[in-house]
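Readers should treat all values here as calculations from the given coordinates under stated rules, not as data from a laboratory. Computed from a predicted model, the values in this text were never measured in an experiment. Counting neighbours? That spans all protein chains shown, and the Cβs are built from the backbone with ideal geometry, glycine included.
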Amino acid sequence: MATELHETIFMAKQERHKNLFLNYKNLNIFPVELLKDEGLQFLERLYMKRNSLTTLPDNLAQKLPNLIELYLHSNNLVIIPEAIGNLARLQSLDLSNNALQVLCPEIGRLRSLRHLRLSNNQLKCLPPEIGDLQDLETLDVSMNQLMSLPDRLHRCLSLQNLTADHNLLSHVPRQLCWLHRLNQLSMAANRLTFLPLDLGRSREMQFVFVDNNVDLKGLPSYLYNKVIGCSGCGLSAQALEGGLGEMLGEELSEALVGLPAEVKVVGSETENVVPLEELAMRTLHRIYHRRPTELSLLPPITLPRSLRDLLQFPLGHCHRCSQAMFTIIYPKLFPLRDTALAGVHRRTTVSFVAYCCSSHCLRTFDLQG
């Protein structure tokens, strides 16, 4: 095997190969032949799947400076050296099925990276520097031990596919709603209790999978025309087959538990007066967001920090008229069996909870159109 490996690497150097396949070679250490002399300056793709590597050399980028794709799926990697950040041209990195417990912050220096796969490791957190990967399109962190996702993940403006199944996540960061290119979000088998109100508002978002989150009892109604998966969420099928009508009040109350803490009032259909604080926030929001070119002409406004933060990031938008909402929400429950998706997800027991800005919008909003 050693002779065959030596010949393979020798031929790659002699013929200036761009692709090198070293899968299933029973490698315990990184082959020193790859790093001798000038290394493989012309190599662009290195495949080293299904070996027994435990670490990578610090001079990897120095000897393989033109790597575009690096596949290390199914090894025994425990740590990735900081020098990984020197692979300036790297576009695809596969570290799935290893033993990683920590991911070095230098991963954020891979500014050309488009695909990062970290599934089936032992990661408990991700470095905030992942948010520096503005060209990142695919991120797979499924089957780890993550309790949260980095707050700066919303800076990955090119992100299209985010997979975080089988972790310990209790919530979806609301900032992910800012990712207007995000097409598929998969967070099945976590500990989700609610989803952001604006999730699915983007036209690009088409697929949302949140199956087997047993405490998830409500979905934003912006998802009603998307392809969703939510089997195994919410109430049991046996309970649903019972007195559904009698349970709606209790189910709605449970769904509202997931609303952000800033919600001060839950409105009812009989209330016709919106609080003054809410009206003021909506007015300020319209001024700042409809006339951005005139911000320098506006007088300075002094607000408590909590309200100033709300002004920049509302609780959500009315599902009837799309107006921003800040301190009051009017919820409306739609059992899934009464929606257009009932025939698609027959085993799903989750209900849709729509959020409106007024009693008028509450009365006139309908999922069917």
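Taking square-rooted eigenvalues a ≥ b ≥ c of the alpha carbon gyration tensor, is segment 147-212 rounded, prolate or oblate, where a/c under 1.5 means rounded and, failing that, a/b exceeding b/c means prolate? In terms of gyration-tensor shape, prolate. In this label model, ASP309 and VAL273 are separated by 3.0 nm, measuring between points 7 Å along each Cα→Cβ vector.
Length gained on full extension, SER322 to GLN206: 39.8 nm, using 0.36 nm per residue less the C-alpha separation. Model label sites at GLN122 and PHE42, defined 7 Å from Cα along the beta-carbon direction, differ in position by 4.2 nm. Once the Cβ-Cβ distance of GLU15 and THR283 is raised to the sixth power relative to R0 = 56 Å, the FRET efficiency obtained is 0.20. Computed packing ranks the peptides 354-366, 72-84 as 354-366, 72-84, most packed first, by mean other Cβ atoms within 10 Å.
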